[in-house]
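Right, one structure below, let's go through it.
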Amino acid sequence: MLQKTISPVDGRVYVERPLATDAQIHAALKRARSAQQSWRRVPLSERIAAVHRFVDAFVAQKASIAEEITWQIGRPISQSPGEVRGFEERARHMAAIAEVALADVDPGPKEGFRRFIRREPLGVVLVMAPWNYPYLTSVNAVVPAILAGNAVILKHSNQTPLCAERFDEAFRAAGLPAGVFQYVHCSHDQAAAMIASDGVDFVAFTGSVAGGHAVVQAAAGRFINAGLELGGKDPAYVRHDADLAHAVENLVDGAFFNSGQSCCGIERIYVHAALYDDFVDGFVKLTGSYNLGDPTRADVNLGPMVRTRAAEFARAQVDEAIAQGARSLVDPASFPADRPGTPYMAPRVLVDVNHGMRLMTEESFAPVIGIMKVSGDEEAVRLMNDSEYGLTAAIWTGDPHAAIAIGDQVETGTWFMNRCDYLDPALAWTGVKNSGRGCTLSRVGYESLTRPKSYHLRLRT
């Protein structure tokens, strides 16, 4: 059976690959299990060196990789190279902290004993990655899993099969032993069967809430863990003391970068009444300067959504909100490339919105934003928390003490001040509520990819 990737750029088949057979998947799991037994005994310093060689090989192909991203998902070529830079930043950071993060834990002296906790690899890690940030989402788990001594099998989205192959090419160039990293192109049912088998010891999944439930269900009969990064409806609060111009610039980018197709993109904005009118005017004006069109052109900064049905879903959210009383402040006709029935969708800015509208509560994953006026911090916190999601949230303010105090009340995995939509690899990447469970990146990210083993040695008898 062939897997076809339809490019949102022009609707043509960009790449097609055969799906693996069940026998091929079984063989890959067997190779991974065997290779991991040797890889775990390779000194950490050598594993770190291999990862740096891998990153070198990957970055050397950055121009081709960026072009492939654009054709596979429609992100403008002016922006795709940024994913390669982010990939390198995260991979090198996780390599740089590996010796400390994976070091034995000393609980302190006890006379007559030597005691420590050692972090052991889990075994075979299955990484299931989405299309929207195909390298950034996958590197979060692939690289630390390899560094920790695990073997990895990568199952990438059927929209981005070339990304899995690029990982493989770079690991081969780095001299990684055969079987330590592999990829499979397979169906959802085959992936579920892998999870349910005894060939996988941990699953790192990034995707929809429904997909997360499917992963948990597949693993239900086994005692293995799954890290889940799921959906988001991330809010922003523009406080009365915010730098208005900075907030407008940040939030337009946070809402519309990658056509709004980011788990941690801004999807709803709450603005203090004192700044509301000026903020909305500035937001609409800057949005109007965007250029929607062919993402292979250097002057385009807003490309198509990944699929027509995704654009139609967002258009339906907008139409329904307008029917319920919302006002749309951006005329799609001012974006000639906007065409219903295609993935090319103009950005939408809506006001007079409320939480009775799907637009403000249901994930859009599109270049769509609703802006609400609030009276102050208390109302902003209440509205930010009125969501089934909790991946990131952000505040624009000149008062860091207020930012921390407000952040303590917001139900989220990451709290930003005066920025948004960025993952610092030194910080834990995690979510609450329906945004998932577990953690990647930072020293904490290594904990889910290893198991603690305690050594309790009596030195005298």
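Restricting the first member to the range 360-384 and to residues that are under 19 Å from GLN324 (Cβ atoms), and the second to residues that are at pLDDT below 95, the beta-carbon pairs closer than 7 Å and six or more apart or on different chains are GLU363/GLY231.
Within the range 68-81, not a single residue is out of contact with any Ser or Thr (no Cβ under 9 Å at 6 or more places or on another chain) and of a type in the set (D, E, K, R).
Collect the residues in the range 430-460 that are in a strand (DSSP E or B) and in contact with a helix residue (DSSP H, G or I) (Cβ under 7 Å, 6 or more places away or on another chain), keeping them in residue-number order.
Residues satisfying the conditions are GLY436, THR440.
For PHE416, the conditions (1) in contact (Cβ under 8 Å) with a residue 12 or more places away in the chain; (2) surrounded by fewer than 20 Cβ atoms within 10 Å (Cβ to Cβ) are fulfilled apart from (2). Within the range 377-400, restricting attention to residues that are small (Gly, Ala, Ser) and assigned to a loop (DSSP other than H, G, I, E, B), the residue that is farthest from the chain's Cα centre (by Cα) is GLY398. Filtered by the rule that a residue be among the hydrophobic types (A, V, I, L, M, F, W, C), farther than 25 Å from SER7 by Cα and not in a helix (DSSP H, G or I), the range 277-334 gives ALA326, LEU329, VAL330.
Exactly one residue among LEU162, LEU147, LEU136 is among the aliphatic types (A, V, I, L, M), surrounded by fewer than 24 Cβ atoms within 10 Å (Cβ to Cβ), under 17 Å from LEU441 (Cβ atoms) and touching a residue at least 24 places away in the same chain (Cβ under 8 Å), and that residue is LEU136. Of LEU427, LEU423, all but one fail to be in a loop (DSSP other than H, G, I, E, B), without any contact (Cβ under 8 Å) to a residue 24 or more places away in the chain and within 22 Å of LEU251 (Cα to Cα); the exception is LEU427.
Here the range 79-128 is the region considered, the condition is being within 24 Å of ARG33 (Cα to Cα) and of a type in the set (Lys, Arg), and the residue that is surrounded by the fewest Cβ atoms within 10 Å (Cβ to Cβ) is ARG118. Do you know which residues across the range 158-187 are outside any loop (DSSP other than H, G, I, E, B) and small (Gly, Ala, Ser)? Scanning the range 158-187 gives ALA164, ALA170, ALA173. Test ALA226 against the stated conditions and say whether it is out of contact with any Gly (no Cβ under 8 Å at 6 or more places or on another chain), surrounded by fewer than 22 Cβ atoms within 10 Å (Cβ to Cβ) and not assigned by TED's automatic domain parsing to the domain that holds ASP386. Answer is no for this residue.
The set of residues in the range 407-420 being of a type in the set (S, T, N, Q) and in a loop (DSSP other than H, G, I, E, B) consists of GLN409, THR412, ASN418. Residues in the range 267-308 that are more than 14 Å from GLY74 (Cβ to Cβ) and of a type in the set (Lys, Arg): ARG268, LYS285.
Here GLY74, GLY11 are screened, and the one residue that is on the phi > 0 side of the Ramachandran plot, more than 22 Å from the chain's Cα centre (by Cα) and at pLDDT 95 or above is GLY11. Kindly evaluate HIS52 against the criterion of being more than 30 Å from LEU302 (Cβ to Cβ), touching a residue at least 24 places away in the same chain (Cβ under 8 Å), surrounded by fewer than 16 Cβ atoms within 10 Å (Cβ to Cβ) and in contact with a helix residue (DSSP H, G or I) (Cβ under 8 Å, 6 or more places away or on another chain). Yes, satisfied. Screening the range 302-358 for residues that are in contact with a strand residue (DSSP E or B) (Cβ under 7 Å, 6 or more places away or on another chain) and charged (D, E, K, R) and picking the one that is surrounded by the most Cβ atoms within 10 Å (Cβ to Cβ) gives ARG348. The single condition among (1) of a type in the set (A, V, I, L, M, F, W, C); (2) closer than 17 Å to HIS272 by Cα; (3) assigned to a helix (DSSP H, G or I); (4) in contact (Cβ under 8 Å) with a residue 24 or more places away in the chain that ALA403 does not satisfy is (4).
The values are calculated or read from the model by the stated rules, or taken from the named source; none is laboratory data. Fair warning: this is a prediction, and the values are worked out from it, not measured in the lab. Note that we place each Cβ from the backbone using ideal geometry, even for glycine, and neighbour counts take in every protein chain shown.
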